[in-house]
Amino acid sequence: VLGCAGTFPAPGAACSGYLLEAAPAAGQPGVPTRVWVDAGAGTLANLLRQVPVAALDAIWISHLHADHLSDLPLAGHALCFGPRPAAAPIPLFGPPGLEAFLRSALPDGVPTALATAFELHELHDGDRFGVGALELEAVATDHGLPTFGLRASGDGGTVAYSADSGPSDALGRLARDADLFLCEATWARRPAGIPPIHLTPTEAGRLAAGARAKRLLLTHLRPDTDPGRTLAEARDAYGGWAALAVEGAVHELPGPARPGEA
Ligand SMILES: [Zn+2]
């Protein structure tokens, strides 16, 4: 977990970002596959504790909100101007509009910066990509603008990431039998007068239960919500192993489903 603060940062706490790492497929030599999933504020600095940007196999941007995106241009700086530039552009998966955003955010006068840093792939619902030892599947979620959750599968199991989303049948498909469901739980309560573009903890728990996800990791909590209450409400609705995402935490798969354990 490179960062998990929802919607805006908290003091010393980064917004959404995760590093997926998969061992080489059984019998295959090589290095782990590494995918940076969402580039919220503060996550690049935390990523660099683990791996240089140039050593990533791919980057996944779920949608064009700043709390999932703001560090991506700086990753472009690192790839173009850093001490370890990319030997080849890093595959970058993201929604429509990402290329225009990067063209405006990367430096003027360096027209090749975008092409030097990134190999862009525009996401659509149901797209599948093989990246090293992982298969990545895009699942469109319900967030008011094009947003893509990620289902990542490898020998170690399946991680499903909700990105940001309101309640949606697509999330059930995304999380079906996943070994770990990394699910947003932004709102303590559904606010009045705003479309349902996020989940409450109870909704996240119900989705995890319906999808028979083996473990539930709650993320993207607004910094002004009560984490203990969020976890308790999600557990009540889910019934399985559930925990809160914590910046810096590592979750190794496959892991046993341990009902009720924190
Ligand atoms: Zn967000």
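Every number in this text was worked out from the coordinates using simple rules, so none of it is lab data. Nothing here was measured: the structure is a model prediction, and the numbers come from that model. Reconstructed Cβ throughout: ideal geometry from the backbone, glycine too, with neighbour counts over all protein chains shown.
Test LEU123 against the stated conditions and say whether it is farther than 21 Å from VAL51 by Cβ, of a type outside the set (Phe, Trp, Tyr) and either touching a Lys or Arg at 6+ places or on another chain (Cβ under 8 Å) or buried (at least 17 other Cβ atoms within 10 Å of the Cβ) (or both). Even if it seems obvious, please write down each step before you answer.
Working: farther than 21 Å from VAL51 by Cβ: yes; of a type outside the set (Phe, Trp, Tyr): yes; either touching a Lys or Arg at 6+ places or on another chain (Cβ under 8 Å) or buried (at least 17 other Cβ atoms within 10 Å of the Cβ) (or both): yes.
Judged against the criteria, LEU123 is a match.
If I ask for residues that are of a type in the set (A, V, I, L, M, F, W, C) and not in a strand (DSSP E or B), which ones from the range 140-156 would you list?
LEU145, the sole residue that qualifies.
Each row is one residue, and each column tells you yes or no for (1) more than 16 Å from GLY240 (Cα to Cα); (2) in a helix (DSSP H, G or I); (3) touching a His at 6+ places or on another chain (Cβ under 7 Å); (4) within 15 Å of the ligand (Cβ to nearest atom).
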| site | (1), (2), (3), (4) |
| --- | --- |
| THR158 | yes, no, no, no |
| SER165 | yes, no, yes, yes |
| ARG173 | yes, yes, no, no |
| ALA178 | no, no, no, no |
| ILE197 | yes, no, yes, yes |
| GLU203 | no, yes, no, no |
| ALA208 | no, yes, no, no |
| ALA213 | no, no, no, no |
| LEU218 | no, no, no, yes |
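Conditions tested, residue by residue: (1) within 15 Å of the chain's Cα centre (by Cα); (2) under 21 Å from ALA13 (Cβ atoms).
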{"position": "VAL31", "(1), (2)": "no, no"}
{"position": "ALA45", "(1), (2)": "no, yes"}
{"position": "SER62", "(1), (2)": "yes, yes"}
{"position": "HIS65", "(1), (2)": "yes, yes"}
{"position": "HIS68", "(1), (2)": "yes, yes"}
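Has the range 94-101 got any residue that is more than 29 Å from HIS198 (Cβ to Cβ) and of a type outside the set (S, T, N, Q)? Break it down into steps so the answer makes sense when it comes.
Keep residues of the range 94-101 that are more than 29 Å from HIS198 (Cβ to Cβ), which gives none.
Within the range 94-101, none of the residues are more than 29 Å from HIS198 (Cβ to Cβ) and of a type outside the set (S, T, N, Q).
What number of residues within the range 28-76 are under 17 Å from VAL250 (Cα atoms), surrounded by fewer than 20 Cβ atoms within 10 Å (Cβ to Cβ) and within 12 Å of the ligand (Cβ to nearest atom)?
Residues flagged as under 17 Å from VAL250 (Cα atoms), surrounded by fewer than 20 Cβ atoms within 10 Å (Cβ to Cβ) and within 12 Å of the ligand (Cβ to nearest atom) within the range 28-76 amount to 0.
Cβ-Cβ distance below 6 Å, separation of 6 or more or different chains: which pairs start in the range 216-229 with a residue that is more than 16 Å from LEU2 (Cα to Cα) and end on one that is away from the ligand (no atom under 14 Å from the Cβ)?
LEU216/PHE181; LEU216/ALA208; LEU216/TYR238; LEU216/ALA242; THR225/ALA188; PRO227/LEU244
Within the range 1-19, take every residue that is farther than 19 Å from SER165 by Cβ and buried (at least 20 other Cβ atoms within 10 Å of the Cβ) and give me the one that is nearest to the ligand (Cβ to nearest atom).
ALA14
Quick one: how many residues across the range 1-24 are in contact with an Asp or Glu (Cβ under 6 Å, 6 or more places away or on another chain) and within 13 Å of GLY154 (Cα to Cα)?
The qualifying residues number 0.
Is one or more of the residues making up the range 85-98 surrounded by 20 or more Cβ atoms within 10 Å (Cβ to Cβ), more than 16 Å from the ligand (Cβ to nearest atom) and touching a residue at least 60 places away in the same chain (Cβ under 8 Å)?
no
Check the range 137-149 and report whether any residue there is of a type in the set (A, V, I, L, M, F, W, C) and in contact (Cβ under 8 Å) with a residue 60 or more places away in the chain.
For the range 137-149, residues of a type in the set (A, V, I, L, M, F, W, C) and in contact (Cβ under 8 Å) with a residue 60 or more places away in the chain: present.
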